[in-house]
Amino acid sequence: MPEAPAAAPQRTTPSAAADSPTSSLFEQLKVGETLPVAVEPASLVIFGGAGDLAHRKLLPALYNLHLDGLLPPRTAIVGVGRKPMTDDQYREFAKDGITQFSRRPLDERAWETFAPGLFFVTASIDDDASLAPLGSRLDVIEHERGLPGNRIYYLAVPPSVFVPTVRQLHRARFVAKGQERPWARIIIEKPIGNDLESARAINDAIAEVFDERQIYRIDHYLGKETVQNILVLRFANSIFEPLFNQKYIDHVQITVAETEGVGTRAGYYEQAGALRDMVQNHLLQLLTLVAMEPPYSLDADVVRDEKLEVIQSLRRIEGADVDRFVVRAQHGPGFDMGRPVPGYREEKGVDPGSRTETFVALQIWIDNWRWAGVPFVIRTGKRMPKRASEISIHLKEVPPILFNANPASKLDPNVLSIRIQPDEGFALGISSKVPGPRVRIYPVQMDFHYGSTFGGSSPEAYERLLLDVMAGDQTLFMRRDMVEAAWRWVMPILNRWAEQTTEPLPTYPAGEWGPPEANRLIEATGRKWRNP
Amino acid sequence: MAQSVVDRAWRPTTPDDIEPDLAELWRTIAKERPIARAVMSNLVVVRERAAAKAGEPLTIDELAQDLPLEEVVARHPSRVILIQHDRSQTVCAPFAVSVGVLTFGPPEARYGVEEISVQSACAEQSLPSIVRRLLRGDVPTSVWWTEDLSQAPPLDALVSMARQFVYHSHDWRDVRRGILALATLLNTGPRRLDLADVNWRRLTPLRHALLHAGTAADLDHLRRGNVQIVYRAGDEALAWLAVGWLAARMEWTPEATPRVEETRHGDETLSMAVGPDLTAALNDHRVLVTRRGAAGFTVSVPQEDRADAVAAELRNLGHDACLRDALTALVARFSR
C-alpha cells in the first residue's frame with residue numbers, strides 16, 4: 001500500500017511492531033525509515049525450491065529486489081526439494097531462471113553478490129525425521145550469515161502438500177504458534193482448497209500451527225502495480241470517488257483473458273475450471289477493490305475488512321438463477337494469431353469427454369447502498385484473442401437531448417478503464433468536439449501508461465509481495481475469512497453445475513471472446529462487452 | 001496543418017512479442033525526449049498482396065505502397081494494424097511481423113503513433129484471430145479497405161470488429177459489383193457500422209449546389225428521373241452515387257431511369273442536367289450552376305488530398321443517413 005504522506009503520522013509495519021519486544025540497534029535505527037529499508041533480514045525457505053514457480057517467478061523476483069537494494073542484507077534463500085542438488089547447482093538453476101524470466105537482464109556483478117545467499121537442502125516431508133537436515137542446515141546458514149532466526153516458509157508446492165508440510169514444520173519444531181521473535185511466517189499460494197469444505201480444512205490445519213497474522217495467502221494479482229493503483233485512483237483523486245456509486249455508474253465490467261490453453265496444468269485444471277481457478281480468487285479480489293467503501297486507514301485489517309464486506313454483500317446466485325446469470329463454456333479448436341490450436345478436449349492430459357469450463361461469465365449484483373442496481377459483469381477464459389486484464393467502469397449515458405438527441409448516432413458513454421496487464425495504466429473516454437464549423441463529436445481518450453510515464457519496467461507482483469511478507473504487511477494478502485466468504489459465494493454455482501451432468505456445454509472457438517451465450521448474457525441488459 | 005513524420009523507430013518482432021516490443025520502443029523513445037502517445041482509434045488497413053514467393057516478406061514500404069498512411073495518422077493518430085493478406089495461400093501463421101512508432105510534431109510537443117505490420121498467408125478464417133489480438137478496446141475501430149471492393153470484397157469477420165468501414169469507391173473497376181459488395185454491410189442488424197466512402201465527400205459540393213439551385217419546376221423533372229449525368233472517365237462510381245442520392249430522396253420507382261454517360265472530353269468531373277434548364281458541373285475547384293435565362297452561381301470545392309479526406313472520415317464517426325440511403329437505393333437498383 002502507498003506510503004503515508006510526509007505530514008501524516010509515520011506508518012509502522014504492523015507485524016514488525018508487534019514483533020519487537022526488544023530494543024535492538026535495528027529497532028532504534030529504523031525509526032522514520034520507509035518500509036523497504038526497515039525490513040528485517042530473514043531466511044526464506046522455499047518448499048518446492050527447484051520447481052517451476054521458483055524458477056520462473058520467485059528467484060527472479062528476489063534477484064530484482066536485490067538489484068534495487070531492497071532485499072535485506074544477509075538474507076538467505078534456501079530452496080528445499082526432494083531432488084538432490086548442491087548449493088552450486090541450485091545457483092545455476094537460479095541463474096538460468098533469472099536469465100530467462102527476470103524483467104531485467106542478469107548483471108554479472110550483481111549476481112556475484114546475490115548468489116552467495118542461495119542454498120539448497122534436499123529434504124522431504126515423508127516422516128518426522130525428514131526435515132532434520134533442513135533444520136541443522138538452517139542453523140548453520142543463519143549462524144554464518146549473522147541472521148536473527150526470522151524465517152519465512154514459502155509453500156511453492158501442490159495444494160495437496162500444504163497441510164502435511166505445515167504439520168511437519170510443527171512436529172520438527174520449526175515454528176511455534178504466535179512466535180514473535182524470532183518471527184516465523186508462512187506463504188501459501190492459491191488454490192486454497194477446491195471448495196469451501198476443503199478450504200476450511202486447509203485453513204484449520206494451518207491455524208493449528210500458525211497464527212492468522214503469520215499467514216500470507218498470496219493472490220499474485222494483488223501485487224500488480226495497477227491493482228494497487230485502484231485504491232490510489234479512487235481515494236487519492238477527488239474527481240473519481242464521488243462518481244463511484246449507483247447514481248453515476250451504469251455498470252462495471254471485468255475481463256481477465258488468457259491466450260494460453262491449459263498447457264502443462266491439465267491435471268490441476270481438470271479438477272478446477274475457470275470459476276475455481278480465476279473467479280473465486282482473482283476476479284472477486286478485483287471486484288472488491290472497485291466496490292469497497294473507503295477504509296478509515298491503510299492498516300491491513302482495515303482494508304481487508306472493507307473488502308470482506310463487499311464479498312458479503314454479493315447477491316447469491318443459486319438454483320435456476322445460475323442458468324440465468326452464469327455462462328460457462330469450453331473452447332474448441334480455433335486460431336491463435338493465425339496459428340491453429342487444439343480444442344480443450346484435445347489437449348494433453350484432458351479427458352476427451354471433459355466438462356471442465358475454460359470460460360465463465362457472470363452477472364453479479366452487490367446488494368448494498370452504493371451499488372444497488374449496478375450490474376458487475378465479469379468474464380474470464382482461456383484461449384481468448386489476447387492476454388489482457390481490464391476493469392472498465394461505464395458511466396451512465398447523458399440524457400437523450402442536445403448532443404445525444406439522435407438515436408442513430410448515440411454518444412459513447414464515458415468509460416474509465418483500468419488496464420491491469422499488459423501495458424498497465426488507465427484511460428478515461430470522453431466526448432470531444434471535432435474541430436470545424438459543425439458540431440461533430442468524437443470519443444477521445446485521456447490515457448495514462450505506466451511504461452512511458454514512469455519509464456523502466458514495473459516491478460513484478462512477486463517482488464512487492466515478497467517484500468511485504470518480509471516487512472510483515474498483510475494488506476495485499478487474503479485473510480481466512482475472505483477466502484472462505486468467496487468460496488461460500490461460489491459454492492451454489494458449483495453445486496448447480498455438479499447437478500447438470502448431461503446438458504450440453506456451450507463452446508467457443510479458440511481465439512474468440514467466448515460463446516454467443518456470454519454475449520446474450522450482457523445483451524439481455526441492453527449492454528455489450530467491451531473487449532480490452 | 002498536419003505534421004510530417006520526424007522519426008521512425010522500427011523493429012521486427014514475433015507475434016507473441018508485439019506488445020512487449022512496442023512497450024520497449026515507447027520506453028526507448030521516452031528516454032530520449034518527452035513524447036505523448038496518441039491514439040484516437042484502431043485503424044485496420046488490409047492490403048491484399050500476394051508475396052512474390054510464399055512466405056517471403058515485403059518491406060514495409062512495399063506494403064504501404066501508394067497508401068498515404070503516415071499522412072493519415074499524422075492527422076488522425078491511430079494504432080495502425082497493417083495486414084498483408086494473401087488469399088492465394090492456405091498456410092497459417094504470420095510470417096513477418098514488425099512494430100514501429102512514428103513520431104510527429106515539434107520538439108516541445110512530440111506525439112507518437114504506433115504501427116503494427118503483420119504479413120500473413122493466413123486463411124480468411126484465421127486472419128481475424130490476428131486482428132482481434134491487436135485491437136485496443138478503449139477506442140473505436142475503423143477498417144480502411146484499401147482494395148477495390150468490386151474485386152476483393154471485405155472479410156466479414158474483420159468488418160464485424162469494426163465500428164466504421166472506410167473505402168474509396170473511386171477505385172472500383174466494376175461499380176455494380178462494388179455496390180453489391182456493400183449490401184451486407186448495410187444490413188448489420190442492431191450492430192452499428194458506420195460506412196464512409198471517401199468518394200462520397202467529393203459529391204458534397206454538388207449536392208449543396210443542387211439544394212440551393214432547385215426550384216419547383218426542377219422538382220418535377222427530378223421526380224420523374226429526367227436527369228442526365230455525364231462523368232469523366234474514371235468517375236463512374238461518383239456518378240452512380242449521385243444517382244443513388246437522387247433515387248433515395250426523390251423516391252424513384254424502377255421506371256425512373258436517368259441517363260448516365262461517360263465522356264473523355266472537357267475538364268468537368270461530373271455534370272448533371274436536370275430537365276432542359278438546370279445544369280450543375282463539378283470539377284476539382286468548383287461547382288458551376290447554370291440555368292437558362294437566369295444568373296448562375298458557383299460553390300467552391302474544398303481542396304483536400306486523399307490523406308485529408310480519409311482522416312476526415314475517420315474523425316467523422318457517425319451515421320451518414322444520406323450515404324446509407326443512396327447506397328440502399330443503388331443496391332435495390334443493381335439487384336434487379
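The values are calculated or read from the model by the stated rules, or taken from the named source; none is laboratory data. On a predicted model such as this, the values are computed, not experimentally measured, just so you know. Cβ: placed from backbone, ideal geometry, glycine included. Neighbour counts: every protein chain shown. Just so you know, the surface numbers come from the protein's heavy atoms only, side chains and all, with ligands and any DNA or RNA stripped out. Shrake-Rupley method; radii C 1.70, N 1.55, O 1.52, S 1.80 Å.
Points worth noting:
- Euclidean distance of C-alpha centroids, the range B:95-149 and the range B:199-239, integer Å: 37
- When the residues B:L314, B:L186 are ordered by accessible surface, computed with a 1.4 Å probe over the protein chains alone, the sequence from largest down reads B:L186, B:L314.
- Neighbouring Cβ atoms from other chains, within 10 Å of the Cβ of residues in A:334-346, number 6 on average.
- Portion, in percent, of the accessible area of the range B:265-336 that falls on carbon or sulfur, probe 1.4 Å: 52
- For the range A:268-328, the equivalent ellipsoid derived from the Cα gyration tensor has semi-axes of 27, 15, 8 Å, listed largest first.
- For chain A, the membrane-span-like helices by this rule, meaning whole DSSP H stretches whose C-alpha atoms cover at least 18 Å of axis and whose Kyte-Doolittle mean is -1.0 or above, are A:132-145, A:300-313, A:480-499; this says nothing about an actual membrane.
- Over the range A:345-440, equivalent-ellipsoid semi-axes from the Cα gyration tensor in Å: 37, 19, 14
- For chain B, the convex hull drawn through the C-alpha positions has a volume of 147 cubic angstrom per residue.
- Surface composition of the range A:383-532: carbon plus sulfur atoms hold 57% of the accessible area, using a 1.4 angstrom probe and ignoring ligands, DNA and RNA.
- Contact-buried residues of the range B:132-146, at a threshold of 30 Å² lost accessible area versus the chain by itself: B:R132, B:R133, B:R136, B:G137, B:D138 (1.4 Å probe; DNA, RNA and ligands ignored).
- For the range A:146-254, fraction of C-alpha pairs farther apart than 17 Å, in %: 65
- Computed over protein heavy atoms with a 1.4 Å probe, the accessible surface of the protein assembly as shown works out to 42 Å² per residue.
- With a cut-off of 19 Å on the backbone N, the residues of the range A:375-389 near the modelled label site 7 Å out from A:Q500 along Cα-Cβ are A:377-382.
- Among A:S458, B:S126, the sequence by solvent-accessible area, most first, with a 1.4 Å probe is A:S458, B:S126.
- For a label point 7 Å along the Cα-to-beta-carbon line of B:L211, residues of the range A:406-448 with backbone N under 15 Å: A:437-440
- Of the residues A:H394, B:H76, ranked by 1.4 Å probe accessible area with the largest first, the sequence reads A:H394, B:H76.
- Around the Cα centre of the protein assembly as shown, unit charges on the Cβ atoms of Lys, Arg, Asp and Glu (plus for the first two, minus for the last two) sum to a dipole of about 1460 debye.
- When each of the peptides A:207-217, A:501-511, B:110-120, A:46-56 is scored by how many other beta carbons lie within 10 Å of its residues on average, the order from highest to lowest is B:110-120, A:46-56, A:207-217, A:501-511.
- C-alpha long axis of helix B:306-315 to longest principal axis of chain B, angle in °: 80
- log₁₀ of I(q)/I(0) at q = 0.11, 0.16, 0.28 Å⁻¹ - the range A:115-177, Debye sum with one point per alpha carbon: -0.26, -0.56, -1.41
- In the assembled protein chains, A:K95 presents an accessible area of approximately 50 Å² (probe radius 1.4 Å).
- Principal-axis tilt of helix B:321-335 within chain B, Cα atoms, nearest 10 degrees: 80
- Once the convex hull of all Cα atoms in the range B:234-307 is built, its volume per residue stands at 130 Å³.
- In the assembled protein chains, A:K410 presents an accessible area of approximately 80 Å² (probe radius 1.4 Å).
- Rolling a 1.4 Å probe over the protein heavy atoms of the range B:192-235, with every protein chain left in place, gives an accessible area that is 53 percent carbon and sulfur.
- For the range B:288-299, the Karplus equation 6.51 cos²θ - 1.76 cosθ + 1.60, evaluated at θ = phi - 60°, returns couplings of 9, 9, 10, 9, 4, x, 9, 6, x, 8, 10, 10 Hz by residue, with Gly and Pro reported as x.
- Take the Cβ atoms of A:S198 and B:R11, set R0 to 45 Å, and the FRET efficiency comes out at 0.40.
- Whole-angstrom gap from the range A:299-324 to the range A:409-438, using each part's C-alpha centre: 30
- Size descriptors for chain A: radius of gyration and Dmax over Cα atoms are 24.4, 84 Å.
- Averaged over the residues of A:429-436, the number of partner chain Cβ atoms lying within 10 Å of the residue Cβ comes to 2.
- Interface area, A with B, accessible, probe 1.4 Å, both sides summed, Å² nearest 100: 2900
- Mean projection area, nm², convex hull over Cα of the range A:398-490: 11.1
- Highest-first arrangement of A:127-139, B:134-146, A:76-88, A:147-159, where packing means the average Cβ count within 10 Å: B:134-146, A:147-159, A:76-88, A:127-139
- Note on B:T28 and A:N245: the model spin-label points, each 7 Å out from Cα along the C-beta direction, lie 5.0 nm apart.
- Value of D in µm² per second that Stokes-Einstein yields for the range A:227-344, Kirkwood Rh from Cα pairs, at 4 °C (1.567 mPa s): 75
- Taking every DSSP helix (H) stretch of at least 4 residues in the protein assembly as shown, weighting each as -39,500 (n - 2.57) and dividing the sum by the residue count yields a mean residue ellipticity at 222 nm of -9500 deg cm²/dmol.
- B:R264 paired with A:R109, simple spin-label distance in nm, labels 7 Å along Cα-to-beta-carbon: 7.7
- Occluded residues from the range B:15-43, i.e. those whose accessible area drops by 50 Å² or more once the chain is not alone (1.4 Å probe): B:R27, B:R37, B:M40
- Long-range amide H partners of A:R217 with built H, under 5 Å: A:I188, A:M478
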